[in-house]
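**Q** First the structure, then my questions, so here it is.
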Amino acid sequence: MNVLSMDTATEQLALCAQSGEIWASFSINRGLQHSPALLPQAERLLAQLGLTASDLQLIVCSLGPGSFTGIRIGLATAMGIGQARGIPVVGISTLDAIARPWECREGDVVPVIDARKGRIYTALYRSGVREGDYRDISPEDLGILLSEARAPILAGPDAPRIRSLLPPAWQNVPMVDSIDPRALLRLGMEAYRTKGASDNALRPLYLRKSEAELMSGKKA
């Protein structure tokens with residue numbers, strides 16, 4: 001199966017392409033300036049596998065939580081390619097994708113995304129299964145979550161920044177600041193095989209109102 005995945009929800013632009021058993025990935029920290037690089041890098045990645053967008057059979061994109069603008073860029077690009085070429089699209093939670101590579105570890109995994117304004121997007125995963133809801137919490141509340149977890153690690157490209165915001169007792173909590181672009185792709189393929197495409201139900205996973213909505217008083 002020929003698949004392309006794209007994650008634009010954080011400062012790290014992450015892409016992955018797969019054709020059968022062959023895959024290639026790309027990631028770079030662009031500070032949320034993803035729009036100019038997204039399509040050119042996706043085309044280069046596909047070319048490494050001898051593919052073009054016309055050869056794709058599935059597109060996977062991250063739904064957030066994360067940057068409001070970044071998520072919209074990724075979704076619009078994925079849906080635009082999918083609708084123009086009749087390719088199914090599947091959306092996956094960014095937190096699920098960050099946690100996925102660590103599903104087999106014995107302790108709990110706590111993926112984190114900098115939500116700005118002193119807040120953090122997170123969730124807790126135990127043996128690869130999310131426990132409870134996605135959360136938009138303070139560093140202090142994240143410290144409480146970690147204290148209730150079992151041998152936790154922080155995961156995600158924002159982990160170093162977020163760890164520095166934690167209460168002193170958690171300043172040395174283990175962390176992994178890498179991201180595996182293949183995780184999003186694999187989760188998307190699994191979701192497609194079990195549930196089919198989510199084209200008509202693709203919605204950003206926002207845990208709060210955007211700045212524009214807060215200023216205008218509109219509902220999320």
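**Q** Lys/Arg Cβ at +1, Asp/Glu Cβ at -1, dipole of region 70-220 taken about the Cα centre: which of GLY74, SER164, ILE144 is farthest positive-ward?
**A** GLY74
**Q** Further, regarding this structure: Report, in deg cm²/dmol and to the nearest 500, the calculated mean residue ellipticity at 222 nm for the chain, where each DSSP H run with n ≥ 4 adds -39500 (n - 2.57) and the sum is divided by the residue count. Don't skip to the end; give the middle numbers.
**A** Values: 7 runs with 74 residues, N = 220.
Helix-only estimate at 222 nm: -10000 deg cm²/dmol.
**Q** Pick from PRO168, PRO139, PRO152: which is most flexible by mean-square fluctuation in a GNM of the chain where alpha carbon atoms under 10 Å apart are linked?
**A** For the chain, modelled as a Gaussian network with Cα springs under 10 Å, the answer is PRO168.
**Q** Between beta-carbons, use under 12 Å as the cut-off and find the net charge around GLY188, counting Lys and Arg +1, Asp and Glu -1. Walk me through the numbers before you get to the answer.
**A** Numbers: positive: ARG100, ARG182, ARG186, ARG193, LYS195; negative: ASP7, ASP96, GLU190.
Result for the local shell: +2.
**Q** Quick one: work out Rg over Rh on the C-alpha atoms of the chain, Rh as Kirkwood radius.
**A** Details: Rg = 17.2 Å, Rh = 17.7 Å.
Dividing the radius of gyration by the Kirkwood radius yields 0.97.
**Q** Further, regarding this structure: Counting only DSSP beta bridges with both residues in the chain, what percent are antiparallel, rounded to the nearest 5? Please list the in-between numbers first.
**A** On the way: 25 of 38 bridges.
About 65 percent, rounded to the nearest 5.
**Q** Give me the dipole magnitude in Debye, nearest 20, for the chain about the Cα centre, with unit charges on the beta carbon: positive for Lys and Arg, negative for Asp and Glu.
**A** Numbers: 24 positive and 23 negative charges, 90 e Å.
Value, rounded to 20: 440 debye.
**Q** Given the options ALA99, GLN41, ALA183, identify the residue whose Cα lies farthest towards the positive end of the charge dipole of the chain (+1 on Cβ of Lys, Arg; -1 on Cβ of Asp, Glu).
**A** GLN41
Read the figures in this text as sums done on the coordinates, not as results from a lab. Since this is a predicted model, take the numbers as computed values, not measurements. Backbone-built Cβ (ideal geometry, glycine too); neighbour counts: all protein chains shown.
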